[in-house]
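Taken together, the values in this text are just the output of simple stated rules run on the coordinates, not laboratory data. Since the model is a prediction, treat every value here as computed from it, not as a measurement. Counting neighbours? That spans all protein chains shown, and the Cβs are built from the backbone with ideal geometry, glycine included.
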């Protein structure tokens, strides 16, 4: 059995169900704080999922990369409040250009060997 992107949905439901159950059974789990602190991980997971699906179909993964980068920015701010999202954007916005360029190169890679004379 191959584990792929379709397995992520059921696994997410299982994890969410276990967390909610632990919260209801009062195992010392503060679910509100957990969600508040780690919600950007959902953006990162969605971005990575989109990237995998796009690359598997031979399409551009730039949208997924950008979504994952936004999630990383928000998560970095949650873990280190001294990093503001605005400051990170002002400093690292050129990464968007790098990500789009890398995405285009990855998408074009299968075509590189076809252009040569045989």
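Over the alpha-carbon set of region 67-111, work out the extent along each principal axis and list the three values in angstrom, largest first.
Result, largest extent first: 44, 17, 11 Å.
How large is the helix-only mean residue ellipticity at 222 nm for the chain, computed as the sum of -39500 (n - 2.57) over DSSP H runs with n ≥ 4, divided by its residue count, in deg cm²/dmol to the nearest 500?
-22500 deg cm²/dmol
How far, in nm, would the chain grow between residue 29 and residue 52 when pulled straight, counting 0.36 nm per residue and subtracting the alpha carbon separation?
Stretched out fully, the residue 29 to residue 52 stretch lengthens by 5.0 nm.
Which whole-number percentage describes the relative contact order of region 16-118, with Cα contacts under 8 Å and a sequence gap of 6 or more?
Averaging sequence separation for qualifying contacts and normalising by length gives 23 percent for region 16-118.
Pick from 67, 97, 46: which is most flexible by mean-square fluctuation in a GNM of the chain where alpha carbon atoms under 10 Å apart are linked?
97
If each residue's Cβ is checked for other Cβ atoms within 10 Å, how do 89, 27 rank with the fewest at the top?
Going from least to most buried by this count: 27, 89.
To two decimal places, what compactness ratio does the chain give when its Cα radius of gyration is scaled by 2.2 N^0.38 Å?
Cα Rg divided by the expected 2.2 N^0.38 Å: 1.39.
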